[in-house]
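Undergrad: Handing you a structure now.
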Amino acid sequence: METKGYKYFTWFNNVFLILLALACLFPLIHVLALSFSSSSAAAAGEVMLWPVEFTLSSYEYVAAKSEFWRSMFVSFQRILLGGTINFLVTILLAYPISREPKEFKPRTFLAWFLFMTMLFNGGLIPWYIVIKEAGLLDTIWALVLPNAVPVFNVILLINFFRQLPKELDEAAYVDGAGHWTILWKIYIPLSLPVLATVTLFSLVMHWNSWFDGLILMNKPDNYPLQSFLQTVIIQQDLSMITSGDLEGLSEISDRTLKSAQIFLGCLPIFLVYPFLQRYFVKGIVIGSVKG
Amino acid sequence: MTKLTKLFLILLFGCLFIVITACSNSDTTIDDNSSSEKDKEPFGKYDPAIDVSFVRSIDSTLDLALVDGETIEDNVWLDYYRDELGINVTYDWTASAGDQFDQKMNVSLASGDIPDFVSVNATQLNQLVKADMIMELTDLYEDYVAPFAKEVLESDGSGPFDAATIDGQLWGLPNMSSSIDGAEFVWVRTDWLEKLGLPEPKTMDDLLAISEAFTTQDPDGNGKDDTTGLAVTKDLWDGYAGLKGFFNGFHAYPNIWIKDASGEIVYGSIQPEVKEALQTLQDMFGSGQIDREFGVKPGDKVAEDPAAGRNGLHFGQQWTSLWPLQANRDNDPNAQWKAYPLVSVDDQPARPQITLGTTSWWVVRKDVEHEEAIVKMFNGFIEKNWGETAEFDKYYMPDGAEGTWKLSPPTPSPPNKNLDAFLAIREAVGNDTTDQLEGEAKVINGRVSAFEDGDDSLWGWERIYGPEEGVFGIMDEYVNQDLFMRDEFNGAPTPTMAEKNATLEQLQNEVFTKIILGDADIDEFDKFVEDWKSLGGEQITQEVNEWYQNVN
């Protein structure tokens, strides 16, 4: 029986969550509306949630803009390479570390080693110099190799592996399975929800980073999408404008163009969510161990 | 994300310091006596050609500069340097202008990985000298500079060189840019003036009356109380809708160093005249003449008001008719704006304050073999754009392109070039000889005539360069009457300045904003003056005076 108080609570809770969701959606819809509006309406601040003087001209402009598509391609390359590397490295690290120390001696050392890198890092300049001396500057590898080990994801996966019933791999062992078989045939199929989560983390990380692209790429041709977008949307400092920039002034107000590019830049990562959704299934191991 | 960026910057500067101190140990002093064998010809060609490395910033306007399949690495300027001077320009890296370029540059400097020639700001120049990474240029400059280039480079006073001079030695060549173009004007929407029957602004009282009328008398005639008097941005000192021009009307000169009656250098922001100006602003805000929300609106947000016909008065530099006022004209073809000279609160003329227009200097890495190449490139750039053998249509602005001059790595330009273009146009229109105009003046005059022939999208250009009402006509008056109040301090930031200035500036802007908003009493200004002095201002003033004694 639901009490009155509980009813009120649910009601308020729902209203609060709906408002929160709207607050998150609002900027996105605003950007979308801007991207379909005429630039003079946008400059006069008339656009809120619905396009004013509907036009597709921003999208036509972006469609013809080769830099945008080139950086989009770099980003896809990065996600594909980086995501795959992250995925493999995470699994191959998490499995041995999730075993007992008597099974795998360096386990404790390795775990601490990884953990330390989360707390301390060498700083920007050493990071830059290492990558430069490794000859990675200006290549796609500079964007994927320094991030190859997502420590946080590894720790998540270790903890997930450790709470899987020990009896499962004992049974498999008795049936003659080695570590590889146990990992690929038992652990991974059982870990789909957490694997989907860490994959999502690493994809979003790769998609969203812009700073490394900026510092490590010597030519804007090699920028990933977010580094490119940063160059597009950063606001010009009006106190620093010189007479030489007169021609550039007309570019400041092209907010509709910026919006179109931002929206297109978000689109691919939105589309990933529904595809990973189906892996978020709970209770897969319930009933696997009897007695 | 900004937090992250800040963190990176803090890390960066920490590391910068360590690396620079570490680098200074690896002393590679090459005593180069071979320069006596070198030619000393200002335009001497290298045979065989030499390779020199640069880095460069790029922005979207560069696309307009390129014609017929040219690229950043292969264009008319680099061809010139290669074919005429025997200098092969290569780029170590390119990045977008602004924040991105600065960050990448700082990483490069900190890791000691700089190109042969690089353009830096005064602070970076100072750091590079301390780290012993760059070369002293005093003799090199005198030996190789061409006469005309020398004339141009030294036409803005000694300021551009003072800033790059440390202990009497020159360490960087100024990438000359205009100082006077930073002067401010009063921009007024004149169709509103006519509608309300108001006189043009001649005094501060006129201006205040206009501001009040634009607020209360519904100048746009839509029956709604939606207009503001004076447009102001949250940053207070922007080139559009800043307040410098307003303060100058009260003979106050915020943010710059001025000479007081006794010949001492003092800081403009703490002088008593500032208080008067702030008081007036507070009153204007109180009576609704300044946007209630100005404290949170950056320039591009404030710009929506004139564009939508909700504002008709601001202080700004010569370009504001191109942005944002052109948007107003696009939306409303009846809108008309005009610039007026700064107005004064008493019978003394208002003096527009300006700072040094040159903000970057070219420095030479220590172990570069042909260090004089940069001076030759300076010579070539100035000669081909403004000299006797200038080929404007090829190098500055060819047909169908714009800003082609930007493709050259160094871009020193005559400080009064825009004013000179205006004067040439005005004279030619007066004598009916516009067909004889050359170079930039010809192109600009083409735009002005196109506007007169009905192309409203070029309205902004006519407002700047039009022979009748163009803003440069007022600039010419400023120059003739020698009205400019120049920043007396042009050096690299002094030690205390480097450490404290950011804090002091923030303090100043916060206090000023609070006073204007009425959140703080006007007497808060006196407290600010005390705070400013005790928080390092006194020390900075002393250092600035010492610097001033040294250069003069």
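The values are calculated or read from the model by the stated rules, or taken from the named source; none is laboratory data. Predicted, not measured: the structure shown is a model, and the values here were computed from it. Neighbour counts are summed over all protein chains in view; Cβ atoms, including those assigned to glycine, are modelled from backbone coordinates with ideal geometry. Side chains included, ligands, DNA and RNA excluded: accessible areas come from the protein's heavy atoms. Shrake-Rupley method; radii C 1.70, N 1.55, O 1.52, S 1.80 Å.
Undergrad: Quick one: A:GLN261 ticks every box in (1) modelled with pLDDT under 85; (2) within 14 Å of chain B (Cβ to nearest Cβ); (3) surrounded by fewer than 18 Cβ atoms within 10 Å (Cβ to Cβ); (4) farther than 17 Å from B:ILE58 by Cβ except a single one, so which number is it?
TA: (3)
Undergrad: For residues in the range B:51-77 being in contact with a Ser or Thr (Cβ under 8 Å, 6 or more places away or on another chain) and assigned to a helix (DSSP H, G or I), which is nearest to A:ASP254 (Cα to Cα)?
TA: Out of the qualifying residues, it is B:ALA65.
Undergrad: For B:TRP337, only one of the following conditions fails: (1) within 14 Å of another protein chain (Cβ to nearest Cβ); (2) in contact with a helix residue (DSSP H, G or I) (Cβ under 6 Å, 6 or more places away or on another chain). What is its number?
TA: So B:TRP337 meets the others, but not (1).
Undergrad: Could you tell me which residue of the range A:33-70 is surrounded by the fewest Cβ atoms within 10 Å (Cβ to Cβ), considering only residues that are assigned to a loop (DSSP other than H, G, I, E, B) and of a type in the set (Gly, Ala, Ser)? Quick ask: steps written out before the conclusion?
TA: As a first pass, look at the range A:33-70 and keep what is assigned to a loop (DSSP other than H, G, I, E, B): A:36-38, A:44-56, A:64-65.
Subset that is of a type in the set (Gly, Ala, Ser): A:37-38, A:44-45, A:64.
Values: A:SER37: 24, A:SER38: 18, A:ALA44: 23, A:GLY45: 15, A:ALA64: 9.
Of everything passing the filter in the range A:33-70, A:ALA64 is surrounded by the fewest Cβ atoms within 10 Å (Cβ to Cβ).
Undergrad: What residue, of B:THR5, B:THR21, B:THR71, B:THR61, is of a type in the set (Ser, Thr, Tyr) and modelled with pLDDT of 80 or more? Lay out the reasoning, then the answer.
TA: On the way: B:THR5 fails: modelled with pLDDT of 80 or more; B:THR21 fails: modelled with pLDDT of 80 or more; B:THR61 fails: modelled with pLDDT of 80 or more.
It is B:THR71.
Undergrad: If you don't mind, there's one more thing I want to ask. Going through B:GLN336, B:GLN317, B:GLN279 one at a time, which residue ends up being outside the structural domain of B:ALA421 (by TED's automatic domain parsing), open to solvent by 10 Å² or more (accessible area, probe 1.4 Å), touching a strand residue (DSSP E or B) at 6+ places or on another chain (Cβ under 8 Å) and closer than 30 Å to B:ILE258 by Cβ?
TA: On the way: B:GLN336 fails: closer than 30 Å to B:ILE258 by Cβ; B:GLN279 fails: touching a strand residue (DSSP E or B) at 6+ places or on another chain (Cβ under 8 Å).
Of the residues listed, the single one that is outside the structural domain of B:ALA421 (by TED's automatic domain parsing), open to solvent by 10 Å² or more (accessible area, probe 1.4 Å), touching a strand residue (DSSP E or B) at 6+ places or on another chain (Cβ under 8 Å) and closer than 30 Å to B:ILE258 by Cβ is B:GLN317.
Undergrad: Is there a residue being assigned to a loop (DSSP other than H, G, I, E, B) and of a type in the set (A, V, I, L, M, F, W, C) anywhere in the range B:199-222? First the steps, then the outcome.
TA: First, pick out the residues of the range B:199-222 that are assigned to a loop (DSSP other than H, G, I, E, B): B:199-202, B:217-222.
Right, trim to of a type in the set (A, V, I, L, M, F, W, C) and you get none.
No, because not a single residue in the range B:199-222 is assigned to a loop (DSSP other than H, G, I, E, B) and of a type in the set (A, V, I, L, M, F, W, C).
Undergrad: Among the residues of the range B:351-382, what is the count of those that are within 22 Å of B:PHE43 (Cα to Cα) and either open to solvent by 30 Å² or more (accessible area, probe 1.4 Å) or not assigned by TED's automatic domain parsing to the domain that holds B:SER158 (or both)? Full working, then the answer.
TA: Within the range B:351-382, the first condition is being within 22 Å of B:PHE43 (Cα to Cα), and the residues that meet it are B:361-365, B:368-382.
Checking the rest, the ones that are also either open to solvent by 30 Å² or more (accessible area, probe 1.4 Å) or not assigned by TED's automatic domain parsing to the domain that holds B:SER158 (or both) come to B:365, B:369-370.
Matching residues across the range B:351-382 total 3.
Undergrad: What number of residues within the range B:57-89 are within 14 Å of chain A (Cβ to nearest Cβ), among the charged types (D, E, K, R) and surrounded by 15 or more Cβ atoms within 10 Å (Cβ to Cβ)?
TA: 1
Undergrad: Of the conditions (1) within 14 Å of chain A (Cβ to nearest Cβ); (2) farther than 15 Å from B:GLY316 by Cα; (3) surrounded by fewer than 21 Cβ atoms within 10 Å (Cβ to Cβ), B:MET204 clears all except one; give me its number.
TA: Of (1) within 14 Å of chain A (Cβ to nearest Cβ); (2) farther than 15 Å from B:GLY316 by Cα; (3) surrounded by fewer than 21 Cβ atoms within 10 Å (Cβ to Cβ), only one is false for B:MET204: (1).
Undergrad: Which of the residues belonging to the range B:320-333 are open to solvent by 10 Å² or more (accessible area, probe 1.4 Å) and not charged (D, E, K, R)?
TA: Taking the range B:320-333 and keeping what is open to solvent by 10 Å² or more (accessible area, probe 1.4 Å), we get B:322-323, B:326-327, B:329-333.
Selection gives B:LEU322, B:TRP323, B:GLN326, B:ALA327, B:ASN331, B:PRO333.
Undergrad: Among the residues of the range B:239-261, which ones are surrounded by fewer than 24 Cβ atoms within 10 Å (Cβ to Cβ) and aromatic (Phe, Trp, Tyr)?
TA: Once the filter is applied, which keeps residues that are surrounded by fewer than 24 Cβ atoms within 10 Å (Cβ to Cβ) and aromatic (Phe, Trp, Tyr), the range B:239-261 yields B:PHE250, B:TRP257.
Undergrad: Also, I was wondering about something else. For the structure I just gave you, tell me whether B:LEU236 is open to solvent by less than 10 Å² (accessible area, probe 1.4 Å), modelled with pLDDT under 95 and among the hydrophobic types (A, V, I, L, M, F, W, C).
TA: Values: open to solvent by less than 10 Å² (accessible area, probe 1.4 Å): yes; modelled with pLDDT under 95: yes; among the hydrophobic types (A, V, I, L, M, F, W, C): yes.
In short, yes.
Undergrad: Right, next: Tell me whether the range B:423-437 contains one or more residues that are part of a helix (DSSP H, G or I), of a type in the set (Lys, Arg) and not assigned by TED's automatic domain parsing to the domain that holds B:SER57.
TA: Yes, the conditions are met somewhere in the range B:423-437.
Undergrad: Given the conditions (1) of a type outside the set (Val, Ile, Thr); (2) modelled with pLDDT of 85 or more; (3) within 14 Å of A:ILE262 (Cβ to Cβ), which single one is not true for A:LYS65?
TA: It is condition (2) that A:LYS65 fails.
Undergrad: Give me the residue from the range B:400-433 that is open to solvent by 50 Å² or more (accessible area, probe 1.4 Å) and free of Cβ contacts under 8 Å to residues at least 40 places away in the same chain and, out of that set, nearest to the other protein chains (Cβ to nearest Cβ). Quick ask: steps written out before the conclusion?
TA: Within the range B:400-433, the subset open to solvent by 50 Å² or more (accessible area, probe 1.4 Å) is B:400, B:416, B:420, B:423, B:426-427, B:429-432.
Next, only the ones that are free of Cβ contacts under 8 Å to residues at least 40 places away in the same chain stay: B:420, B:427, B:429-432.
Working: B:ASP420: 12, B:GLU427: 20, B:VAL429: 21, B:GLY430: 24, B:ASN431: 26, B:ASP432: 27 Å.
Within the range B:400-433, the match that is nearest to the other protein chains (Cβ to nearest Cβ) is B:ASP420.
Undergrad: Further, regarding this structure: Within the range B:438-459, can you find the residues that are in a loop (DSSP other than H, G, I, E, B) and touching a Phe, Trp or Tyr at 6+ places or on another chain (Cβ under 7 Å)?
TA: Step one: of the range B:438-459, the residues in a loop (DSSP other than H, G, I, E, B) are B:438, B:453-455.
Scanning the range B:438-459 gives a single hit, B:GLU438.
Undergrad: Let me confirm something: among A:GLY123, A:GLY176, A:GLY83, which residue is of a type in the set (Gly, Ala, Ser), without any contact (Cβ under 8 Å) to a residue 24 or more places away in the chain, in contact with a helix residue (DSSP H, G or I) (Cβ under 7 Å, 6 or more places away or on another chain) and assigned by TED's automatic domain parsing to the domain that holds A:THR199? Even if it seems obvious, please write down each step before you answer.
TA: Numbers: A:GLY176 fails: in contact with a helix residue (DSSP H, G or I) (Cβ under 7 Å, 6 or more places away or on another chain); A:GLY83 fails: without any contact (Cβ under 8 Å) to a residue 24 or more places away in the chain.
Just one listed residue meets the conditions, A:GLY123.
Undergrad: Search the range B:251-308 for residues being out of contact with any Gly (no Cβ under 7 Å at 6 or more places or on another chain) and among the hydroxyl-bearing types (Ser, Thr, Tyr), and hand back the single one that is farthest from the other protein chains (Cβ to nearest Cβ).
TA: This residue is B:SER262.
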